[in-house]
2 protein chains.
Amino acid sequence: MKANAEIIAVGSELLLGQIANTNAQFLSKQLAELGVNVYYHTVVGDNTTRLQKTIEIARSRSDLIIFTGGLGPTKDDVTKETIAHMFNRTLSLHQQSMKQIEDYFQKTKRKMSENNRKQAFVISDSYVLPNDHGMAPGMAFQHEGKIWMLLPGPPKEMKPMFLNYGIPYLKDQLGANDTITSRVLRFFGIGESQLETEIEDLIDKQSNPTIAPLAKDGEVTLRITAKHHDQKQAEQLLDQMEDYILARVGQYFYGYDETSLPEQILRRLQAIQFTIASAESLTGGLFLQLLTNISGASQVVKGGVVSYTNEVKQQMLHVKKETLQKYGAVSRQCAKEMAENVRTLIGSDIGISFTGVAGPEPLENQSVGTVFVGIATKEKTNVYELHLAGSRDSIRKRTVNYGCYHLMKMLDC
Amino acid sequence: MKANAEIIAVGSELLLGQIANTNAQFLSKQLAELGVNVYYHTVVGDNTTRLQKTIEIARSRSDLIIFTGGLGPTKDDVTKETIAHMFNRTLSLHQQSMKQIEDYFQKTKRKMSENNRKQAFVISDSYVLPNDHGMAPGMAFQHEGKIWMLLPGPPKEMKPMFLNYGIPYLKDQLGANDTITSRVLRFFGIGESQLETEIEDLIDKQSNPTIAPLAKDGEVTLRITAKHHDQKQAEQLLDQMEDYILARVGQYFYGYDETSLPEQILRRLQAIQFTIASAESLTGGLFLQLLTNISGASQVVKGGVVSYTNEVKQQMLHVKKETLQKYGAVSRQCAKEMAENVRTLIGSDIGISFTGVAGPEPLENQSVGTVFVGIATKEKTNVYELHLAGSRDSIRKRTVNYGCYHLMKMLDC
């Protein structure tokens with residue numbers, strides 16, 4: 001089945017400009033990879049009449065219609081009610097979803113209110129898409145030869161539901177198609193324009209695979225995308241292009257797809273069974289927070305100290321008073337002591353430290369963006385001096401990324 | 001003139017999911033402030049046939065139609081050509097825009113190509129919106145009693161053009177209008193459906209102001225929006241509705257608009273000149289990271305310890321070995337010692353601790369989502385037991401939010 005798709009987001013918050021329609025972006029990307037053409041996005045408010053009109057239009061021009069939003073417990077939420085009414089279908093209680101909602105309330109020891117029951121009702125004879133991260137189940141069905149799919153609005157519920165249940169359903173209904181396969185190559189330590197210059201001829205000649213660069217927080221990524229009816233052939237096209245690219249800029253490459261630098265570090269340390277401890281000043285806990293947000297962190301992360309004041313640097317990290325007086329907290333010397341001391345105090349294989357000026361004000365006569373990263377192992381301590389641009393938030397993120405990058409290079413040696 | 005608006009974004013890159021439609025979000029916010037109802041967003045590709053169909057639909061249902069995108073120099077860019085064709089209008093060279101484009105090329109010492117001339121053509125008899133940040137001018141005109149406005153796609157060109165030229169044009173054409181004023185009330189410690197049950201009658205009766213609930217990471221917000229030709233009267237309507245709402249659920253209210261719980265805490269501690277230190281286990285530094293991401297944190301945050309292992313809890317936080325053996329790390333007793341000890345070790349007014357099971361695996365026979373938050377002051381220590389649902393990431397975020405919430409309640413007493 002060839003499918004021209006339309007994505008309909010239901011929610012007045014979108015029409016008031018409170019949020020952007022990132023759901024449509026996410027679904028469009030996923031549908032492109034399935035080989036489905038997306039021809040329209042529509043946003044309509046929580047209003048039955050206008051939603052009905054929108055559905056009539058979609059029905060006349062699209063083969064696959066995906067809704068996001070309007071499945072919640074409140075009176076505002078009218079998506080499934082409106083569709084059921086228009087298609088003369090009833091809503092029936094889905095026992096499994098009801099049980100999941102009840103379990104949720106039992107677990108969180110909160111009182112379930114009557115309107116939560118509303119969420120467990122689905123359009124009859126539809127395929128139910130379980131919600132593993134919330135209460136409202138999704139659903140999908142065929143009607144008049146078209147596929148209709150209803151997904152919840154919150155991205156953290158919608159995304160895993162679509163990936164885990166929506167895509168398999170669509171693959172099954174749509175049958176074989178040209179597959180679009182893509183791979184993201186991640187680079188650090190090279191600017192976007194420099195990277196583009198290095199592979200300019202590849203970008204100019206691109207057709208299949210295509211190459212799309214993107215820059216963020218000091219990182220550059222290249223998305224390479226291949227189209228082929230045979231998945232294996234598509235993968236081979238990607239392998240070949242990857243080889244071409246890495247022959248030029250391989251020294252800056254650090255990982256694939258969604259792998260972040262902190263995750264890459266965590267996996268490397270896991271593999272070599274090394275533990276780590278951190279002493280964070282300007283980053284205020286960001287480094288460890290990113291590491292510990294990854295499941296499996298406890299094998300690697302022992303702990304750390306956030307030393308936001310000089311007092312805490314002395315008391316908790318035993319940084320020498322003379323060091324702070326003579327060189328200041330934003331200094332090579334202080335970074336060195338912080339990294340070495342946190343390593344011995346906590347008893348880890350590696351100690352890493354971050355001290356610097358996140359802004360908005362300069363500190364100790366050092367300009368905003370001046371940062372020192374210390375990395376101590378049993379054998380040696382390296383300190384890296386950085387001069388970063390950007391907002392407070394961006395400087396903190398780049399600092400952590402640079403720390404991970406230098407640590408990776410040290411582990412490579 | 002009363003206007004129901006529709007925003008049409010033209011661009012295949014949106015339908016491929018390469019970018020999100022942030023232009024529609026921006027314009028929606030601006031239009032809401034002008035008192036214009038936005039009823040639809042549409043995204044359509046760079047395709048003349050589908051664009052024509054989209055325009056027909058908009059023509060039949062909206063009074064003000066704003067386009068973004070498709071004004072560029074390439075063959076793909078068809079917005080003004082398609083509209084001119086449909087409305088039997090011609091395109092004519094706009095001398096001032098032509099001169100601006102020529103100046104641009106002269107200034108950047110680049111060679112102008114013939115297709116750049118295309119950008120200087122505008123729909124005849126339209127009001128030209130100058131582009132101060134790029135080449136393609138915008139334009140606006142009335143046709144069949146409706147207002148049509150064409151804006152460029154790149155946000156850095158579109159936004160200033162709309163603010164500086166689009167809004168004055170619309171104000172002039174639409175005449176005096178009601179202003180729309182809104183306010184977001186933020187709640188914590190109450191579920192969306194419970195909150196809605198408490199104020200059900202207010203929601204049922206809503207007209208002016210309207211009430212719109214939204215839930216995220218354990219928080220619920222209510223956006224109340226009032227419409228009035230007099231800004232002061234609109235504010236009074238909001239004040240009155242806020243009073244009604246807070247009389248019911250005031251105990252869960254913590255702040256307005258974009259203020260997060262960590263920011264609210266930071267501002268409160270600043271105001272009373274209190275310092276804070278944290279001992280974080282499952283949150284891995286998230287609490288301090290959020291606090292220190294706010295400028296001004298150094299007056300309040302002294303530092304903290306991330307104790308991801310029992311060893312670090314003993315060494316760095318002096319939690320008693322017997323406590324860990326008898327009750328475990330995920331216990332009321334451990335949370336109490338962590339909070340009290342980090343407070344005295346770092347010498348702050350408040351010590352706050354987080355210990356629990358973020359998942360995915362249970363820990364010490366405690367189920368995923370079991371969390372203890374300790375808050376120690378000079379006078380007393382409180383420990384709060386939580387049972388949270390969701391992913392690892394969500395449990396960590398909710399834990400921090402609950403910590404902030406309970407700290408706020410303690411400071412209130």
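Every number here is computed from the coordinates shown, using simple stated rules; none is lab data. If you're wondering where the values come from, they're calculated on a predicted model, not measured in any experiment. FYI the Cβ positions are ideal-geometry reconstructions off the backbone, even for glycines, and counts take in every protein chain you see.
Have a look at B:219, B:361, B:157 and tell me which one the Gaussian network model of chain B (Cα, springs below 10 Å) gives the largest fluctuation.
Most flexible of the set in this elastic network: B:361.
Place the peptides B:94-105, B:297-308, B:323-334 in order of packing, highest mean first, counting for every residue the other Cβ atoms within 10 Å and averaging per peptide. Let's see the in-between values first.
On the way: B:94-105: 15.1, B:297-308: 25.8, B:323-334: 18.1.
Output ranking for B:94-105, B:297-308, B:323-334: B:297-308, B:323-334, B:94-105.
I need the inter-copy label distances for residue B:18: point set 7 Å along Cα to C-beta, values in nm with one decimal, smallest first.
3.2
Would you mind checking the radius of gyration and Dmax of chain B based on alpha-carbon positions, in Å?
For chain B, the Cα radius of gyration and maximum Cα-Cα distance read 28.3, 86 Å.
For chain A, what is the mean residue ellipticity at 222 nm derived from helices alone (per DSSP H run of n ≥ 4: -39500 (n - 2.57); sum divided by total residues; nearest 500 deg cm²/dmol)?
Helix contribution divided over all residues of chain A: -12500 deg cm²/dmol.
Please compute the contact order of chain A in relative form: average sequence separation of alpha-carbon pairs under 8 Å and at least six residues apart, divided by the residue count, as a percent.
Reported as a whole number, the value is 10 percent.
To the nearest 20 Debye, how big is the dipole of chain A about its Cα centre, given +1 on the beta carbon of each Lys and Arg and -1 on that of each Asp and Glu?
So the dipole magnitude of chain A works out to roughly 1020 debye.
Determine, for each peptide in A:378-389, B:225-236, B:50-61, B:282-293, the mean count of other beta carbons within 10 angstrom over its residues, then list the peptides with the highest first. Please list the in-between numbers first.
Working: A:378-389: 13.5, B:225-236: 15.8, B:50-61: 17.4, B:282-293: 27.6.
Order by mean packing, descending: B:282-293, B:50-61, B:225-236, A:378-389.
Go through B:8, B:334, B:95 and say which Cα lies farthest out towards the positive end of the charge dipole of the protein assembly as shown; charges sit on Cβ, +1 for Lys and Arg, -1 for Asp and Glu.
The residue sitting most towards the positive pole is B:334.
Among DSSP beta bridges lying fully in region B:248-375, give the percent that are antiparallel, nearest 5.
Percentage antiparallel, nearest 5: 40.
Using a 10 Å cut-off on Cβ to Cβ distances, tally the other chain neighbours for every residue of B:388-397 and report the average as a whole number.
Mean partner-chain Cβ count within 10 Å for B:388-397: 4.
What are the nm distances, shortest first, from residue B:318 to its equivalents in the other copies, labels at 7 Å along Cα→Cβ?
Copy-to-copy label distances at residue B:318, shortest first: 1.6 nm.
Hey, can you rank B:74-84, B:239-249 by average C-beta count inside 10 Å, highest first?
Ranking the peptides B:74-84, B:239-249 by packing returns B:74-84, B:239-249.
Based on other C-beta atoms within 10 Å, arrange A:71, A:34 from fewest to most.
Details: A:71 30, A:34 17.
Fewest-to-most Cβ neighbours within 10 Å comes out as A:34, A:71.
Once the principal axes of the Cα atoms of the protein assembly as shown are found, what is the range along each, listed largest first in whole angstroms?
Projected onto the principal axes, the Cα atoms of the protein assembly as shown cover 83, 65, 57 Å.
Gap in Å between the Cα centre of region B:25-84 and the Cα centre of region B:177-229?
30
Could you please rank A:133, B:133, placing first whichever residue has the fewest other Cβ atoms within 10 Å of its Cβ? Display every interim value, and only then the final one.
On the way: A:133 18, B:133 14.
Placing the least packed residue first, the sequence is B:133, A:133.
Across peptide A:25-31, what mean number of C-beta atoms from other chains lies inside 10 Å of a residue's C-beta?
4
Provide a whole-number value for the mean count of partner chain Cβ atoms within 10 Å of the Cβ atoms in peptide B:59-66.
Taking all residues of B:59-66 together, the mean is 1.
Say a label goes 7 Å from Cα toward Cβ at residue A:248 in every copy; what distances in nm does this one have to the rest, shortest first?
Copy-to-copy label distances at residue A:248, shortest first: 6.2 nm.
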